[in-house]
Amino acid sequence: SLLSMWKSNVFLRPLTHRFLRGAVQLVGRVLAFVKDGLDGQVEFGGNTNASSGGKIEDLDEGEASIETIVGIPAYRWNERVEDIAVVTWELTILDTCMSHDYLDVIATTLCPPDEESRQSTHNSTSELEEMKQLASEVLMESSRGIPPLVSHSWNALIVDNLTSQCCTPLAAVKGVAATYRMTNRPPPTQASPFVATILRPLKEFDTTYASRTPPQIGDEWKHRVISEVSSKYSLAVEELIATVKRTEEALKSRKTRRMMVGGMSDGEKVKLQLYLDHREFKSNAEELGVDANGIGGLVKLGELTEEAESLYQRTQQNK
């Protein structure tokens, strides 16, 4: 629609201002729709007849909407990071086109490149240039709302969604202590299975949309996700270590602390496991291109588990 209105068989020079206004209105409506979607006000799929208690099989032929025929569950696209990424990439393309390609189309229509066509416009060269400048200012003004929408989508919605997904496996941190408490298991030699799943949603998303990340966004959004996740991870580890220490103190006072398999107490095995988990998590974060030393949560994790480094060295010597 934006391009078709400037075709030679559509455009009317006396109504140039109305055509420009039409282009601005189209862009404005696109941005309004996207904003509503980002705010969760646009819903797709679902049974549109559900409010009246009807079912798909109760509808006469031709009455069922596309949504009810397909049977897509109701959803809002601001809840899907994939949809947000696709929409913001399209917005980025639109923003670029408005200031470059689309402006060139309008400029070519208003200011024909060849002298013969220019004479038929009955405008002087200076007038044509002034019209081109005016069109440029109008288009720039209409697309001013695009960068803020793109920034909010990546630095807030996508970050929050991925952070939530990545934090789900952290519930398993509490289970590390139960793995070694009174089980007589040997000391751990590798990271817990759940550690590899923590940043998996972020890795998969980054792999898929790395080539469709708006240039102005950069990698800050990844830093935010990893920073939030590592902070919550370090908090969970801190609470677990505090619990382990209290348990060890209780065992000491009762003189019941026993050396288990491998010459380590249950508490030491837990600390060693947390140390190995931290190493794995840090490695996964660095694979995403972030500086681990610049992430507060990762630094804290290192400080919390550094006590177990000597335990790790001992297991390596015993191999």
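The values are calculated or read from the model by the stated rules, or taken from the named source; none is laboratory data. Please read these numbers as outputs of a predicted model, since none were measured by experiment. Glycine also receives a Cβ, built like all others from the backbone with ideal geometry; neighbour counts cover every protein chain displayed. Each accessible area value is taken on the protein alone, full model and side chains, heavy atoms only, with ligands, DNA and RNA left out. Shrake-Rupley method; radii C 1.70, N 1.55, O 1.52, S 1.80 Å.
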**OP:** Spot the failing condition for ALA177; the list is (1) in contact with a Gly (Cβ under 9 Å, 6 or more places away or on another chain); (2) in a loop (DSSP other than H, G, I, E, B), and only one is missed.
**Re:** (2)
Subject >> Which numbered condition TYR102 fails, given (1) of a type outside the set (Val, Ile, Thr); (2) open to solvent by less than 50 Å² (accessible area, probe 1.4 Å); (3) modelled with pLDDT of 80 or more; (4) not in a helix (DSSP H, G or I) >> reply: (4)
Subject >> Residue in region 122-139 that is closer than 30 Å to LEU110 by Cα, free of Cβ contacts under 8 Å to residues at least 24 places away in the same chain and of a type in the set (Gly, Ala, Ser) present >> reply: yes
Subject >> Odd one out for GLY53, checked against (1) over 27 Å from VAL225 (Cα atoms); (2) open to solvent by 40 Å² or more (accessible area, probe 1.4 Å); (3) at pLDDT 90 or above >> reply: (3)
Original post:
So which residues in region 146-171 are among the small types (Gly, Ala, Ser) and either buried (at least 17 other Cβ atoms within 10 Å of the Cβ) or in contact with a strand residue (DSSP E or B) (Cβ under 8 Å, 6 or more places away or on another chain) (or both)?
Top reply: SER153
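Can you pull out every residue in region 216-239 that is assigned to a loop (DSSP other than H, G, I, E, B) and either open to solvent by 80 Å² or more (accessible area, probe 1.4 Å) or among the aromatic types (Phe, Trp, Tyr) (or both)?
Listed by number, the residues that qualify are GLN216, ASP219.
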Original post:
Restricting attention to region 266-303, which residues are under 19 Å from ALA172 (Cβ atoms) and β-branched (Val, Ile, Thr)?
Top reply: VAL270
Original post:
In region 33-46, which residues are open to solvent by less than 50 Å² (accessible area, probe 1.4 Å) and free of Cβ contacts under 8 Å to residues at least 60 places away in the same chain?
Top reply: GLY37, GLY40, VAL42, GLY45, GLY46
Subject >> Of residues in region 235-260 being in contact with a helix residue (DSSP H, G or I) (Cβ under 9 Å, 6 or more places away or on another chain), over 19 Å from GLU309 (Cβ atoms) and of a type in the set (A, V, I, L, M), the one modelled with the lowest pLDDT >> reply: MET260
Subject >> Filter result for PRO193 (outside any helix (DSSP H, G or I) and either among the small types (Gly, Ala, Ser) or modelled with pLDDT of 95 or more (or both)) >> reply: yes
Subject >> Cross-chain or 6+ apart pairs with Cβ under 7 Å, region 85-107 first and under 24 Å from ASP36 (Cβ atoms) and among the charged types (D, E, K, R), then outside any helix (DSSP H, G or I) and open to solvent by less than 70 Å² (accessible area, probe 1.4 Å) >> reply: ASP95/SER143
**OP:** Run down ALA74, ALA85 and say which single residue is modelled with pLDDT of 85 or more, under 30 Å from THR213 (Cβ atoms) and of a type outside the set (Asp, Glu).
**Re:** ALA85
Original post:
Any chance region 197-215 includes a residue that's part of a loop (DSSP other than H, G, I, E, B), farther than 13 Å from LEU288 by Cβ and open to solvent by 30 Å² or more (accessible area, probe 1.4 Å)?
Top reply: yes
Original post:
Filtering region 59-71 down to residues that are part of a helix (DSSP H, G or I) and surrounded by fewer than 13 Cβ atoms within 10 Å (Cβ to Cβ), which residue is modelled with the highest pLDDT?
Top reply: VAL70
Original post:
How about region 287-313: which of its residues are loosely packed, with under 14 Cβ neighbours inside 10 Å, touching a residue at least 60 places away in the same chain (Cβ under 8 Å) and under 15 Å from VAL237 (Cβ atoms)?
Top reply: GLY296
Subject >> Residue in region 1-19 that is farthest from SER142 (Cα to Cα), counting only those that are hydroxyl-bearing (Ser, Thr, Tyr) and open to solvent by 100 Å² or more (accessible area, probe 1.4 Å) >> reply: SER8
Original post:
Could you say whether any residue in region 183-190 is assigned to a helix (DSSP H, G or I), more than 22 Å from ALA85 (Cα to Cα) and over 29 Å from the mean Cα position of the chain (by Cα)?
Top reply: no
